[in-house]
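Notes to accompany the following structure.
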Amino acid sequence: MNPYNDNSEMAKAKIAELTREFEKRFLERYEYLDCRDLRSKGHVPCDELICGAAEIVDEMLSE
């Protein structure tokens with residue numbers, strides 16, 4: 001059984017921890033989380049943001 005597939009408090013806490021870590025790394029790389037902010041501030045195109053997000057997830061899975 002996948003520990004992130006149930007409704008236990010432990011699973012919810014782990015998912016919340018992983019989400020915070022992802023957001024931290026994304027903000028370090030791109031400064032903003034919201035797509036409107038990213039686009040309006042002249043940052044990289046959406047497809048590059050998606051690839052960057054996938055890279056962050058890959059890094060986290062590799063740890």
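The values are calculated or read from the model by the stated rules, or taken from the named source; none is laboratory data. Predicted model only: the values in this text are computed from it and were never measured. Note: ideal-geometry Cβ built from the backbone for every residue, glycine included; neighbour counts use all protein chains shown.
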All positions within segment 32-63 that are within 13 Å of the chain's Cα centre (by Cα) and acidic (Asp, Glu): Asp34, Glu55, Asp58, Glu59
Pair list, Cβ under 7 Å, 6 or more apart: segment 20-33 residue without any contact (Cβ under 8 Å) to a residue 40 or more places away in the chain and farther than 11 Å from Gly52 by Cβ, other residue of a type in the set (D, E, K, R) and assigned to a helix (DSSP H, G or I): Leu33/Glu23
Some residue of segment 11-31 being under 14 Å from the mean Cα position of the chain (by Cα) and small (Gly, Ala, Ser): yes
Set Ala11, Ala16: member being modelled with pLDDT under 95, loosely packed, with under 12 Cβ neighbours inside 10 Å and aliphatic (A, V, I, L, M): Ala16
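Can you tell which of Arg39, Arg25 is surrounded by 10 or more Cβ atoms within 10 Å (Cβ to Cβ) and at pLDDT below 85? Break it down stepwise before answering.
On the way: Arg25 fails: at pLDDT below 85.
Criteria check complete, one pass: Arg39.
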Pairs with Cβ under 9 Å, 6+ apart, first in segment 49-63 and hydrophobic (A, V, I, L, M, F, W, C), second surrounded by fewer than 12 Cβ atoms within 10 Å (Cβ to Cβ) and assigned to a helix (DSSP H, G or I): Leu49/Cys35
